[in-house]
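S.K.: Have a look at this one.
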Amino acid sequence: MNSLMIKRLLGGAAIMLSLGFAMGAPAQAADLSDAQKAEIEGVIEQYLMENPDVLLRAIQNVQVWQTTEQARQQAEAIQPVWDALVADSSVPSVGPLDAPVTVIEFFDYHCGYCKRAFDGVKELAENSDGKIRTMFVEFPILREESASAARAALAAAKQGKYMEIHAAFMESRGVLDEAQINKLAEDAGVDVDQMRKDMQSPEINGMLQQYSAMARSIGVNGTPAFLINGQMVSGADMERVNALVKAGLKEAS
């Protein structure tokens, strides 16, 4: 083995070693003497000066690995949340439980992007031909009134009026204060007095706490966020949502 080949091997190995320290470098590296380390560092420096493209390729490989690893970790985190939500009949939804495609939305009633995406979400829910289940997960994070609106919507669900009040809240403009919530609920045919009682129930408080914990556990920090058959779409990217829905329908056909 000639010296050039040795240098290339040492250079490539050293680069992988140096980039790998943050990810758990081999314990054997600690066994090198100071003189050996200095010698290797000199070889690395000379090699990189002569072959800068090697470092670029190594960095690119690390970036690919990081992206792949992040996707894997997110998929692992999503799976138990997905399973729990799909199996939870208390989560407001439209469409059959055994639909081949399920769309889960995390949203806030004061989120402008959620309101912008609402027409697309509504179309999925109303024109699914029994092939799409759309689930609505309250995730009030923008302001105090968001939590009140979320409680009101879940309370209205007990009266079979979830979609009516959900649409009213999404189509409203301005802050959903107590008076506006009451007005929209009444217009939607909700018994407001009963709604107000149910809004304070431990059940609804528990649901909101559970939804929040689930969202945070899968990296949802803003709204809207969608899960389509377990795949995440962040933001009001309805083009991506629809593409995943079509792919799921095609796969099921």
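The values are calculated or read from the model by the stated rules, or taken from the named source; none is laboratory data. On a predicted model such as this, the values are computed, not experimentally measured, just so you know. Counting neighbours? That spans all protein chains shown, and the Cβs are built from the backbone with ideal geometry, glycine included. The protein model used for the area step is the full one, side chains on, heavy atoms only, and it has no ligands, DNA or RNA in it. Shrake-Rupley method; radii C 1.70, N 1.55, O 1.52, S 1.80 Å.
S.K.: Identify, by number, the condition in (1) open to solvent by 40 Å² or more (accessible area, probe 1.4 Å); (2) under 17 Å from the mean Cα position of the chain (by Cα) that VAL220 doesn't meet.
M.R.: It is condition (1) that VAL220 fails.
S.K.: Would you confirm whether any residue within the stretch 133-149 is basic (Lys, Arg), more than 20 Å from the chain's Cα centre (by Cα) and farther than 18 Å from MET207 by Cβ?
M.R.: Yes - at least one qualifying residue is present in the stretch 133-149.
S.K.: Given the condition within 29 Å of the chain's Cα centre (by Cα), assigned to a helix (DSSP H, G or I) and farther than 30 Å from ALA215 by Cα, answer yes or no: does some residue in the stretch 61-70 qualify?
M.R.: Restricting attention to the stretch 61-70, the residues satisfying the condition of being within 29 Å of the chain's Cα centre (by Cα) are 61-70.
When the remaining residues are screened for being assigned to a helix (DSSP H, G or I), the result is 61-70.
With farther than 30 Å from ALA215 by Cα added as a condition, the list becomes 61.
There is at least one residue in the stretch 61-70 that is within 29 Å of the chain's Cα centre (by Cα), assigned to a helix (DSSP H, G or I) and farther than 30 Å from ALA215 by Cα.
S.K.: Looking only at the stretch 214-236, decide whether some residue is among the hydroxyl-bearing types (Ser, Thr, Tyr), out of contact with any Asp or Glu (no Cβ under 8 Å at 6 or more places or on another chain) and more than 30 Å from GLY130 (Cβ to Cβ).
M.R.: To start, the set of residues in the stretch 214-236 that are among the hydroxyl-bearing types (Ser, Thr, Tyr) comprises 217, 223, 234.
Within this subset, residues satisfying the condition of being out of contact with any Asp or Glu (no Cβ under 8 Å at 6 or more places or on another chain) are 217, 234.
From what is left, the residues that are more than 30 Å from GLY130 (Cβ to Cβ) are 217.
Checked the stretch 214-236: at least one residue is among the hydroxyl-bearing types (Ser, Thr, Tyr), out of contact with any Asp or Glu (no Cβ under 8 Å at 6 or more places or on another chain) and more than 30 Å from GLY130 (Cβ to Cβ).
S.K.: Please indicate, with yes or no, whether at least one residue in the stretch 233-241 is farther than 12 Å from GLU105 by Cβ, touching a residue at least 24 places away in the same chain (Cβ under 8 Å) and out of contact with any His (no Cβ under 9 Å at 6 or more places or on another chain).
M.R.: Looking through the stretch 233-241, none of the residues is farther than 12 Å from GLU105 by Cβ, touching a residue at least 24 places away in the same chain (Cβ under 8 Å) and out of contact with any His (no Cβ under 9 Å at 6 or more places or on another chain).
S.K.: Another question, then. In the stretch 147-200, how many residues are open to solvent by 70 Å² or more (accessible area, probe 1.4 Å) and of a type in the set (Lys, Arg)?
M.R.: 4
S.K.: Within the stretch 165-187, identify whether any single residue is hydrophobic (A, V, I, L, M, F, W, C), under 20 Å from VAL241 (Cβ atoms) and modelled with pLDDT of 95 or more, and answer yes or no. Steps first, answer last, please.
M.R.: Going residue by residue through the stretch 165-187, those that are hydrophobic (A, V, I, L, M, F, W, C) are 165, 167-170, 175-176, 179, 181, 184-185.
Narrowing the set further to residues that are under 20 Å from VAL241 (Cβ atoms) leaves 167, 170.
Subset that is modelled with pLDDT of 95 or more: 167, 170.
Yes: one or more hits.
Results for (1) open to solvent by 70 Å² or more (accessible area, probe 1.4 Å); (2) touching a helix residue (DSSP H, G or I) at 6+ places or on another chain (Cβ under 7 Å), shown as yes or no for each residue.
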| site | (1), (2) |
| --- | --- |
| VAL54 | no, yes |
| TRP65 | yes, no |
| ILE78 | no, no |
| ASP98 | yes, no |
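S.K.: Still on this structure, I have one more. Need the failing condition index for ALA117 against (1) within 16 Å of ILE228 (Cα to Cα); (2) surrounded by fewer than 22 Cβ atoms within 10 Å (Cβ to Cβ), just the number.
M.R.: Condition (2) is where ALA117 drops out.
S.K.: Write out, first by first residue and then by second, each pair whose Cβ atoms fall under 8 Å of each other, whose residues are 6+ apart or on separate chains, and whose first residue, in the stretch 136-165, is part of a helix (DSSP H, G or I) while the second is of a type in the set (D, E, K, R) and crowded, with 24+ Cβ neighbours inside 10 Å.
M.R.: Listed by first residue and then by second, the contacts come to ALA150/GLU138; ALA153/GLU138; LEU154/GLU138.
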